[in-house]
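**Q** Mind looking over this structure? Questions follow.
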């Protein structure tokens, strides 16, 4: 990654997890905030926005997002700028595979749903080509200078998809994040 802000843009990080060098490299627009905030006499976590239940210990922490790393009420969070201008590319997608007629129909439906900002479910068996069907959709989002998040509740799926997506979009900055990652 050429620019740290391109990689960290839009993320909420614990200040202690960032080196002074990284902090100095981040572009303007980031802000430092307390890990929690009060609203109507309740305390909320700024990272996951869930209410923090009082605990019978000195330092309160959010139990809702503890899998992302423990943050206490005394911690500071860095909310990085989401104003990241990714470099334009002549071609985003380099995948040269062939979709079936039914997959092409599904892609057209996905693109139409994307244009209309509506939800669309792709439901198919393992190995049916669902990942490849989203490639044109991801490309369209990148052409529109939008960000893309591909989410799965299973770490093994994230790990398996990452190299395929990285190969299909070799010039695009891509991160792999899951509950067991060190990033």
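The values are calculated or read from the model by the stated rules, or taken from the named source; none is laboratory data. As the structure is a computational prediction, the values presented were derived from the model and not from experiment. Counting neighbours? That spans all protein chains shown, and the Cβs are built from the backbone with ideal geometry, glycine included.
**Q** Has segment 101-113 got any residue that is part of a loop (DSSP other than H, G, I, E, B) and either farther than 19 Å from residue 165 by Cα or at pLDDT 90 or above (or both)?
**A** Looking for residues that are part of a loop (DSSP other than H, G, I, E, B) and either farther than 19 Å from residue 165 by Cα or at pLDDT 90 or above (or both), one finds none in segment 101-113, hence no.
**Q** Taking segment 140-153 as the search range and keeping residues that are assigned to a helix (DSSP H, G or I) and in contact with a helix residue (DSSP H, G or I) (Cβ under 9 Å, 6 or more places away or on another chain), which one is surrounded by the most Cβ atoms within 10 Å (Cβ to Cβ)?
**A** 140
**Q** May I pose another question? Looking at (1) in the same structural domain as residue 131 (by TED's automatic domain parsing); (2) modelled with pLDDT under 85, which one does residue 93 not meet, given that it meets all the others?
**A** All conditions are met except number (2).
**Q** So, one more: Would you be able to say whether some residue in segment 136-146 is without any contact (Cβ under 8 Å) to a residue 24 or more places away in the chain and either within 30 Å of residue 69 (Cα to Cα) or in contact with a strand residue (DSSP E or B) (Cβ under 8 Å, 6 or more places away or on another chain) (or both)?
**A** Looking for residues that are without any contact (Cβ under 8 Å) to a residue 24 or more places away in the chain and either within 30 Å of residue 69 (Cα to Cα) or in contact with a strand residue (DSSP E or B) (Cβ under 8 Å, 6 or more places away or on another chain) (or both), one finds at least one in segment 136-146, hence yes.
**Q** Taking the condition closer than 17 Å to residue 13 by Cα, part of a loop (DSSP other than H, G, I, E, B) and free of Cβ contacts under 8 Å to residues at least 40 places away in the same chain, does residue 49 pass?
**A** For residue 49, the condition - closer than 17 Å to residue 13 by Cα, part of a loop (DSSP other than H, G, I, E, B) and free of Cβ contacts under 8 Å to residues at least 40 places away in the same chain - is met.
**Q** Here is a list of conditions, (1) out of contact with any strand residue (DSSP E or B) (no Cβ under 6 Å at 6 or more places or on another chain); (2) assigned by TED's automatic domain parsing to the domain that holds residue 43; (3) surrounded by 13 or more Cβ atoms within 10 Å (Cβ to Cβ), and residue 74 meets all of them except one; can you say which number that is?
**A** With (1) out of contact with any strand residue (DSSP E or B) (no Cβ under 6 Å at 6 or more places or on another chain); (2) assigned by TED's automatic domain parsing to the domain that holds residue 43; (3) surrounded by 13 or more Cβ atoms within 10 Å (Cβ to Cβ) applied to residue 74, the lone miss is (3).
**Q** A further question on this structure: Against the condition farther than 23 Å from residue 133 by Cβ, in contact (Cβ under 8 Å) with a residue 40 or more places away in the chain and out of contact with any helix residue (DSSP H, G or I) (no Cβ under 6 Å at 6 or more places or on another chain), how does residue 59 come out, does it pass?
**A** Criteria not met by residue 59.
**Q** Is it the case that some residue within segment 78-87 is at pLDDT 90 or above and either in the same structural domain as residue 46 (by TED's automatic domain parsing) or more than 15 Å from the chain's Cα centre (by Cα) (or both)?
**A** Within segment 78-87, not a single residue is at pLDDT 90 or above and either in the same structural domain as residue 46 (by TED's automatic domain parsing) or more than 15 Å from the chain's Cα centre (by Cα) (or both).
**Q** Right, another one. Looking for whichever is under 22 Å from the mean Cα position of the chain (by Cα) and not in a strand (DSSP E or B) here; the options are 57, 134. Which one fits?
**A** The match here is 134.
**Q** Out of curiosity, is residue 99 out of contact with any strand residue (DSSP E or B) (no Cβ under 7 Å at 6 or more places or on another chain) and surrounded by 15 or more Cβ atoms within 10 Å (Cβ to Cβ)?
**A** In short, yes.
**Q** Is it true that some residue in segment 43-58 is surrounded by 11 or more Cβ atoms within 10 Å (Cβ to Cβ) and at pLDDT below 85?
**A** Scanning segment 43-58 turns up at least one residue that is surrounded by 11 or more Cβ atoms within 10 Å (Cβ to Cβ) and at pLDDT below 85.
**Q** In segment 154-169, what residues are assigned to a loop (DSSP other than H, G, I, E, B) and either under 13 Å from the mean Cα position of the chain (by Cα) or surrounded by 14 or more Cβ atoms within 10 Å (Cβ to Cβ) (or both)?
**A** Result: 169, single match.
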